[in-house]
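Note sheet for the following structure.
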Amino acid sequence: MMFNYNRRPIVAGDLPEHNIPGIRFTDGPRGIVMYNSTCFPVAMARGATWDPELEHQVADAIGVEARVQGANLFAGVCINLLRHPAWGRAQETYGEDPVHLTAMGVAAVEGVQRHVMACVKHFACNSIEDSRFKLDVQIDERTLHELYLPHFKACADAGAASFMSAYNKVNGQWCGHSSDLLTEILKNKWGFAGFVMSDFVFGIRNGVGALAGGQDLEMPFRMHFGRRVLRALKRGRLDHDRVDDAATRLIQTQRRFSTVGEPRRYQPSVVAGQAHRELARNVAADSMVLLQNYEINRTPTLPLDFSRLKSVALLGRLAGAANLGDHGSSRVRPLAVRTFQQGLADRSPDTKLLFYDGRRHRRAARLAARAEAAIVVVGQSHRDEGENLVLWGGDRRELTLSAADERLVKSVAAANPRTIVVLVGGAPIVCESWRDDVAAIVMAWYPGMAGGDALADILAGDRDPGGRLPCVFPRSADDLPFFDRRARSIRYDLYHGYRYQDRNGMQPAWPFGFGLSFADIKLDSIDPEVASDRQSGHLFSFVVRNASERPGTTLAQLFVTYPADGPERPPRELKAFRKLRLDGGETASVTLAIADDDLRYYDPGASRFVRQTGRYAASLVLDGRDLRSHAWTFDVVAGQSNN
Ligand code: BGC
């Protein structure tokens, strides 16, 4: 069934006699699942761009393709927080931090909703795949509101048309039935005026319970919202007003979107047309993370100077494969995919490309020894991670490469000192056993239909590797919170990713926000004064400088440390960030802002966010390097919250 899944819009609740189109659903997130649409890099790769404006452009293109092909709702804004990299669907979300998820999720909602309705998913705490139909996530109110929900609230505030409830339970209630999540929090507390739809088929266990809990639409067809609901209404076991409310939400949201759009842009030729393919290539280059780039003879391994290289070995079964990611509900089917092999062959026609799928390591090593540089492509495919389709996908068993891939890397590295490893996958990979054997490592994620050209752009130095890690890359699976893909119950707390590693004094392999540039961008100076005012909050200013001649990218992140006398909090948390592009020799003055409201904690006793007065510290992190000596202190005083 997955093979033909969502080729056309999945239609629900259409009433042509009343001019109501109904919900015309298309899945995502890496593009439109219907027909043969543009396949963008997966959401995790787009998270690595740290560029909400670029995500807005991608979402705008996706919205146009949805509209042209007859859908009016894009259900591909997945913003589940990545608690653990073994989650099989990690690739569908943007990363591990709520501030970053908020920026990317809101950009996606706003971009898509220029054309069609957006559906934000999976509400909430959906971050284990294999046991998703059984799992009960036990979570305290603080953790829920401070870590797992803020980005959902931000998307609701941004006017998202729809939310999809998750399959799992939260604190004993199925999310699809959860009056706590759907009614109390989403609709009452946050004032969400759109509609909730169920995740497909198993997202509702009984119609009456789901409707009573706040579910508005059963998808993809009626199983539980049929006769039993009518009977319950007749017998007074279900409130008429609740059913009216669900219908009203569905119709009013469609109404709200009836005037949205830019008809001139809705030409069939835009679907996977040149402009969108170029955007896909651009985003892929901006998402690739240069993790390691050792010098050989005082020259960094990358970029490669193809004009001087006579031969390069390209090795690995994924080097020539159309490897776009999951084959479940997020599968996009572009007509043509530019593989790494094609991208490199076209970029360097005068360099002999010795291509081999790497099955026999000795042969791969022999080829590598004959070449001036060796590129090894290793990592995951839809078989190893993705939606659980029984035969493939699901949660990852190992965070390392497969034994065969590790052996390939080591054999090639032993044969050629200029070995470059290109990693493919949707989440962190543990590289400790081989990373020091190789000269350079690029995390390419699942880079979409134009990924082969984007990799060539990076390796040749035509583009700066623009990606920065949206999640910690650990040294070992032991440096992560407990994860069990078969769990029926699991406890989530305030610690995962960098929060967990900071608290436990662990060193990551590569930290959150990490990524190298080919340029040499540094902190030039900081303004030690924190300008604080009611309107703009606390302002932190500094200057960065590109000390090299080539254009480059950098990611500035601002982390905050809390006053010691308040409730328990992670040692530091991200509060603001900015991705910058600088020409050779350019300097840029940057000001990042933090509002008092961004610093609050959730008080379960009062059921609301509360301000903690006192002295805070903020520190600047550039590309994952903590410039601790450049920390500011500032005070938060008593006052009114903005919300
Ligand atoms: C997934 C959702 C998806 C839905 C419809 C479910 O299995 O969890 O993300 O939108 O299927 O394809």
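Restricting attention to segment 193-206 and to residues that are buried (at least 23 other Cβ atoms within 10 Å of the Cβ) and either away from the ligand (no atom under 16 Å from the Cβ) or outside any strand (DSSP E or B) (or both), the residue that is farthest from the chain's Cα centre (by Cα) turns out to be ILE204. Among residues of segment 601-615 being charged (D, E, K, R) and closer than 18 Å to TRP190 by Cα, the one that is surrounded by the fewest Cβ atoms within 10 Å (Cβ to Cβ) is ARG608. Taking the numbered list (1) more than 16 Å from the ligand (Cβ to nearest atom); (2) open to solvent by less than 10 Å² (accessible area, probe 1.4 Å); (3) within 15 Å of the chain's Cα centre (by Cα); (4) not hydrophobic (A, V, I, L, M, F, W, C) in turn, THR102 passes all entries but (2).
Out of all the residues in segment 32-53, is one or more among the aromatic types (Phe, Trp, Tyr), on the phi > 0 side of the Ramachandran plot and open to solvent by 10 Å² or more (accessible area, probe 1.4 Å)? Yes, segment 32-53 contains at least one residue that is among the aromatic types (Phe, Trp, Tyr), on the phi > 0 side of the Ramachandran plot and open to solvent by 10 Å² or more (accessible area, probe 1.4 Å).
Taking (1) closer than 23 Å to ASP51 by Cα; (2) not in a strand (DSSP E or B) in turn, ARG545 satisfies each apart from (2).
Considering only segment 454-501, state which residues are within 22 Å of the chain's Cα centre (by Cα) and of a type in the set (Asp, Glu). Selection gives ASP464, ASP479, ASP484, ASP493.
Screening MET219 on (1) away from the ligand (no atom under 16 Å from the Cβ); (2) in contact (Cβ under 8 Å) with a residue 40 or more places away in the chain; (3) touching a Ser or Thr at 6+ places or on another chain (Cβ under 6 Å) shows it passes everything except condition (1).
Report every pair of residues separated by at least 6 positions or lying on different chains whose Cβ atoms are under 9 Å apart, first residue within segment 401-412 and closer than 12 Å to ASP437 by Cβ and basic (Lys, Arg), second open to solvent by less than 10 Å² (accessible area, probe 1.4 Å) and outside any helix (DSSP H, G or I). Short answer, once both residue conditions are applied: LYS410/TRP434; LYS410/VAL438.
From the list ARG418, ARG366, ARG407, ARG383, pick out the single residue that is open to solvent by 10 Å² or more (accessible area, probe 1.4 Å), touching a Phe, Trp or Tyr at 6+ places or on another chain (Cβ under 6 Å) and either at pLDDT below 95 or of a type in the set (D, E, K, R) (or both). Don't jump to the end; show me each part of the working.
Values: ARG418 fails: touching a Phe, Trp or Tyr at 6+ places or on another chain (Cβ under 6 Å); ARG366 fails: touching a Phe, Trp or Tyr at 6+ places or on another chain (Cβ under 6 Å); ARG407 fails: touching a Phe, Trp or Tyr at 6+ places or on another chain (Cβ under 6 Å).
Selected residue: ARG383, the only one of ARG418, ARG366, ARG407, ARG383 that is open to solvent by 10 Å² or more (accessible area, probe 1.4 Å), touching a Phe, Trp or Tyr at 6+ places or on another chain (Cβ under 6 Å) and either at pLDDT below 95 or of a type in the set (D, E, K, R) (or both).
Pairs meeting the criteria (first residue in segment 68-93 and within 13 Å of the ligand (Cβ to nearest atom) and in a strand (DSSP E or B), second residue among the hydroxyl-bearing types (Ser, Thr, Tyr) and at pLDDT 95 or above, beta carbons under 6 Å, at least 6 apart or on different chains) are PHE74/THR26; CYS78/THR93.
Restricting to segment 328-342, and then to whatever is out of contact with any Asp or Glu (no Cβ under 6 Å at 6 or more places or on another chain) and either closer than 14 Å to ALA43 by Cα or without any contact (Cβ under 8 Å) to a residue 24 or more places away in the chain (or both), can you tell me which residue is nearest to the ligand (Cβ to nearest atom)? If you could, list the steps in order and put the result at the bottom.
Of all residues in segment 328-342, those out of contact with any Asp or Glu (no Cβ under 6 Å at 6 or more places or on another chain) come to 331-337, 339-342.
Add one more test, that the residue is either closer than 14 Å to ALA43 by Cα or without any contact (Cβ under 8 Å) to a residue 24 or more places away in the chain (or both), and what stays is 331-332.
Details: ARG331: 10, VAL332: 12 Å.
Among residues in segment 328-342 that are out of contact with any Asp or Glu (no Cβ under 6 Å at 6 or more places or on another chain) and either closer than 14 Å to ALA43 by Cα or without any contact (Cβ under 8 Å) to a residue 24 or more places away in the chain (or both), the one nearest to the ligand (Cβ to nearest atom) is ARG331.
Scanning segment 120-177 for residues being closer than 26 Å to ALA59 by Cβ, within 15 Å of the ligand (Cβ to nearest atom) and open to solvent by 10 Å² or more (accessible area, probe 1.4 Å) gives a total of 2.
Filtered by the rule that a residue be closer than 18 Å to ALA576 by Cβ, among the aliphatic types (A, V, I, L, M) and either open to solvent by 50 Å² or more (accessible area, probe 1.4 Å) or in a loop (DSSP other than H, G, I, E, B) (or both), segment 497-540 gives VAL530, ALA531.
With the requirement that a residue be outside any loop (DSSP other than H, G, I, E, B) and open to solvent by less than 20 Å² (accessible area, probe 1.4 Å), what does segment 469-484 give you? Steps first, answer last, please.
Here is the first cut: in segment 469-484, the residues outside any loop (DSSP other than H, G, I, E, B) are 473, 477-479.
Hit for segment 469-484 is PHE473, nothing else.
Go through the residues of segment 557-564 one by one and say whether even a single one is touching a residue at least 40 places away in the same chain (Cβ under 8 Å), surrounded by 15 or more Cβ atoms within 10 Å (Cβ to Cβ) and within 23 Å of PRO300 (Cβ to Cβ). Write out each step before concluding.
Taking segment 557-564 first, the residues touching a residue at least 40 places away in the same chain (Cβ under 8 Å) are 557-563.
With surrounded by 15 or more Cβ atoms within 10 Å (Cβ to Cβ) added as a condition, the list becomes 557-563.
The next check asks that each one be within 23 Å of PRO300 (Cβ to Cβ); those that pass are none.
Looking for residues that are touching a residue at least 40 places away in the same chain (Cβ under 8 Å), surrounded by 15 or more Cβ atoms within 10 Å (Cβ to Cβ) and within 23 Å of PRO300 (Cβ to Cβ), one finds none in segment 557-564, hence no.
Sub-9 Å Cβ pairs linking a first residue in segment 291-311 that is under 15 Å from LEU353 (Cβ atoms) and polar (S, T, N, Q) to a second residue that is assigned to a strand (DSSP E or B) and open to solvent by 90 Å² or more (accessible area, probe 1.4 Å), at least 6 apart or interchain, are SER311/LYS352, ordered by first then second residue. In segment 1-31, the residue that is nearest to the ligand (Cβ to nearest atom) out of those that are of a type in the set (A, V, I, L, M, F, W, C) and part of a helix (DSSP H, G or I) is MET2.
The values are calculated or read from the model by the stated rules, or taken from the named source; none is laboratory data. Just so you know, these numbers come straight off a predicted model, no measurement behind them. For neighbour counting, all protein chains shown are included, and Cβ atoms are generated from backbone atoms with ideal geometry for every residue, glycine included. In case anyone asks, the SASA skips ligands and DNA or RNA and just uses the protein heavy atoms, side chains included. Shrake-Rupley method; radii C 1.70, N 1.55, O 1.52, S 1.80 Å.
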